[in-house]
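Encoded as C-alpha cells, the structure appears first; notes follow it.
Just so you know, all these numbers are worked out from the coordinates, no wet-lab data involved. Small disclaimer: the values here were computed from a predicted structure and weren't measured. Counting neighbours? That spans all protein chains shown, and the Cβs are built from the backbone with ideal geometry, glycine included.
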Ligand SMILES: [Ca+2]
C-alpha cells in the first residue's frame, strides 16, 4: 500500500487540481486518488487534502 499522499497528481503541491481529481473520483477506488490510502475515495480524502492545502 502506498504512503498517504494528498498531492494526488504529484505536482509538488496540494492545490485545486488535486481537489478536482479527488472530487471526480469520489465513490470509486482508484489508488492514485485515494489520498489517505483507506481503499476508497470519499470525503475523508478531501479533508486530508484540505489539511495539506498549499494555495
Ligand atoms: Ca480514502
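At a glance:
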| quantity | calculated |
| --- | --- |
| Top-ranked residue in the range 42-54 [being over 14 Å from residue 20 (Cα atoms) and more than 13 Å from the ligand (Cβ to nearest atom); ranked as surrounded by the most Cβ atoms within 10 Å (Cβ to Cβ)] | 52 |
| Per-region count, the range 15-33, residues assigned to a loop (DSSP other than H, G, I, E, B) and free of Cβ contacts under 8 Å to residues at least 12 places away in the same chain | 1 |
| Failed criterion for residue 26 (all others in (1) surrounded by fewer than 17 Cβ atoms within 10 Å (Cβ to Cβ); (2) within 9 Å of the chain's Cα centre (by Cα); (3) within 10 Å of the ligand (Cβ to nearest atom) hold) | (2) |
| Residues satisfying the stated conditions in the range 29-41, i.e. over 9 Å from residue 6 (Cα atoms) and either surrounded by fewer than 18 Cβ atoms within 10 Å (Cβ to Cβ) or touching a strand residue (DSSP E or B) at 6+ places or on another chain (Cβ under 8 Å) (or both) | 29, 30, 31, 32, 37, 38, 39, 40 |
